[in-house]
Amino acid sequence: MRFVQIDILPTGRALVDIDKLTHAVPQDGGTRLFLGAQHLDVPHTLKELENVLAGRARDDEGEPGGAGFQMRGRR
């Protein structure tokens, strides 16, 4: 189990087991994370979310990583 503390909507923070994260869907003003049968809404874009889950600052502009998040249809 790997846990990360993350901001959630409407306001607050949650400790999330990122090994249970199945997928993430962009929404207006953030992203919906699916953790098995449950979901959390977070105020991060997919790019920011990748940084947060990797333990970097949410606005880190370093070398792009993979972390399993890719936009379908974009190349």
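The values are calculated or read from the model by the stated rules, or taken from the named source; none is laboratory data. Everything quoted here is computed from the prediction, not taken from an experiment. Cβ coordinates were reconstructed from backbone atoms using ideal geometry, including for glycine residues, and neighbour counts include every protein chain displayed.
Figures for the structure shown
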| read-out | value |
| --- | --- |
| Residue match in the range 20-38 (condition: modelled with pLDDT under 90, surrounded by 15 or more Cβ atoms within 10 Å (Cβ to Cβ) and not acidic (Asp, Glu)) | no |
| Top-ranked residue in the range 31-45 [being touching an Asp or Glu at 6+ places or on another chain (Cβ under 9 Å) and of a type outside the set (Lys, Arg); ranked as nearest to ALA14 (Cα to Cα)] | VAL42 |
| Subset of the range 1-23 (residues that are within 17 Å of PRO43 (Cβ to Cβ), basic (Lys, Arg) and part of a loop (DSSP other than H, G, I, E, B)) | none |
| Long-range neighbours under 7 Å by Cβ, at least six apart or interchain, first residue farther than 23 Å from ASP60 by Cα within the range 32-49, second modelled with pLDDT of 90 or more and not in a strand (DSSP E or B) | LEU35/LYS20; GLY36/LYS20 |
